[in-house]
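Accompanying notes for the structure given below.
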Amino acid sequence: MNVYDTIINRRTIRKFLQKPISKETLEKYVNAGRLAPSAANRQPLKYKIVNSEDVVQKMLKMVKWAAYIAPMGDPGEGEEPVAFIAVCADLDIRKEGYETDLGAAVQNIIISAEADGIGSCWMGAIDYEGITNLLSLSDNLKLLCVVALGYKAEIPKECLVENNDIKYYKDQNGVLNVPKRSLEEILIK
């Protein structure tokens, strides 16, 4: 699949198969994040791979899933992610202004995962203090987000926004539908 098709097919995944992802594969995604553009090439982002079942289970209690469809959008037992990548800013390198770097890096991570058939969920509704403590992050590291990862146990689909309603929903077949604005609506002419 080419890059454009990978981007077109990528959707946020919240239900995962319980198949491990190798450490080498997770490191490949961190490397993709590392190679993203960085303002002034400062490269303030640091990454923590979380793939031990015990720590993943603890992190699951510190994240919130799909608010529009909670709790049916939450992963059930046996549908949890098998890994997380925590993305942090190293405040010794840059105290502020790393948000653009974060967006580019996480996009590289999730597109790389999608290309391998691995689903992801970029998460910012998290217990920042709890996860920081759980991962024993040093004082100079500010947790910015986590990315949940696992092989897909669901295939959400895109649909067009109707009546300006952007809330994702499950249809009568239990398929997650994700409304997106049309190209015509967002393209300034």
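The values are calculated or read from the model by the stated rules, or taken from the named source; none is laboratory data. Quick caveat: nothing in here was measured; it's all calculated off a predicted structure. Ideal geometry is used to build each Cβ from the backbone, glycine not excepted, and the neighbour counts take in all protein chains shown. Heads up: the accessible areas ignore ligands, DNA and RNA and are worked out on the full protein's heavy atoms, side chains in. Shrake-Rupley method; radii C 1.70, N 1.55, O 1.52, S 1.80 Å.
With charges set only on the Cβ (+1 for Lys and Arg, -1 for Asp and Glu), what does the dipole of segment 82-182 come to about its Cα centre, in debye to the nearest 20?
The calculation lands at about 280 debye.
Could you work out the longest stretch of the chain that avoids the GluC sites (Glu not before Pro) located in DSSP loops with at most 16 other Cβ atoms within 10 Å?
97-189
Which helices, counted as full DSSP H runs in the chain, have an axial Cα extent of no less than 18 Å and a Kyte-Doolittle average of 0.0 or above?
In the chain, the long hydrophobic H runs are 99-115.
Which links in Lys46/Lys152; Lys15/Lys167; Lys19/Lys142; Lys15/Lys58; Lys28/Lys64; Lys19/Lys167 stretch past 22 Å when you go from one Cα to the other? Show your work: numbers first, answer last.
On the way: Lys46/Lys152 26 Å; Lys15/Lys167 18 Å; Lys19/Lys142 30 Å; Lys15/Lys58 17 Å; Lys28/Lys64 26 Å; Lys19/Lys167 30 Å.
Those over the limit are Lys46/Lys152; Lys19/Lys142; Lys28/Lys64; Lys19/Lys167.
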Residue-normalised 222 nm signal for the chain, counting each DSSP H run of n ≥ 4 as -39,500 (n - 2.57), nearest 500 deg cm²/dmol, is -8500 deg cm²/dmol
Out of Tyr128, Tyr151, Ile111 - ranked by how far each Cα lies towards the positive end of the dipole of the chain, with unit charges on the beta-carbon of charged residues - the top one is Ile111
Let a ≥ b ≥ c be the square roots of the eigenvalues of the Cα gyration tensor of segment 107-175; is it rounded (a/c under 1.5), or, if not, prolate (a/b larger than b/c) or oblate? prolate
Magnitude of the charge dipole, the chain, Cβ model with Lys/Arg +1 and Asp/Glu -1, debye to 20: 180 debye
What are the radius of gyration and Dmax of the chain, computed over its Cα atoms and given in Å? 16.9, 52
Label segment 1-94 by shape, choosing from rounded, prolate and oblate, from the square roots a ≥ b ≥ c of the eigenvalues of the Cα gyration tensor; if a/c is under 1.5 it is rounded, and otherwise prolate applies when a/b is larger than b/c, oblate when it is not. prolate
With springs connecting C-alpha atoms under 10 Å apart, model the chain as a Gaussian network and identify which of Ala89, Ala40, Ala70 has the largest mean-square fluctuation. Ala40
The set of residues whose placed amide H lies less than 5 Å from the amide H of Asn140, leaving out same-chain residues fewer than 5 positions away, is none
Long-range amide H contacts for Ser120: which residues qualify at under 5 Å (H placed 1.01 Å from N, peptide plane, sequence gap of 5 or more or a different chain)? Ile13
Heavy atoms only, 1.4 Å probe, whole protein assembly: order Arg94, Arg14, Arg34 by accessible area, highest first. Arg34, Arg94, Arg14
Ser52 accessible area, nearest 10 Å², 1.4 Å probe? 50 Å²
Here segment 156-170 yields Karplus 3J(HN,Hα) values (6.51, -1.76, 1.60; θ = phi - 60°; whole Hz; Gly and Pro given as x) of x, 10, 7, 9, 7, 5, 10, 6, 6, 8, 9, 6, 6, 7, 9
Compute the relative contact order of segment 1-119 as a whole-number percentage, counting only Cα pairs closer than 8 Å that sit 6 or more residues apart in sequence. 46 percent
About the Cα centre, and with charges only on the beta carbon of Lys, Arg (+1) and Asp, Glu (-1), how big is the dipole of segment 1-98? Nearest 20 debye, please. 260 debye
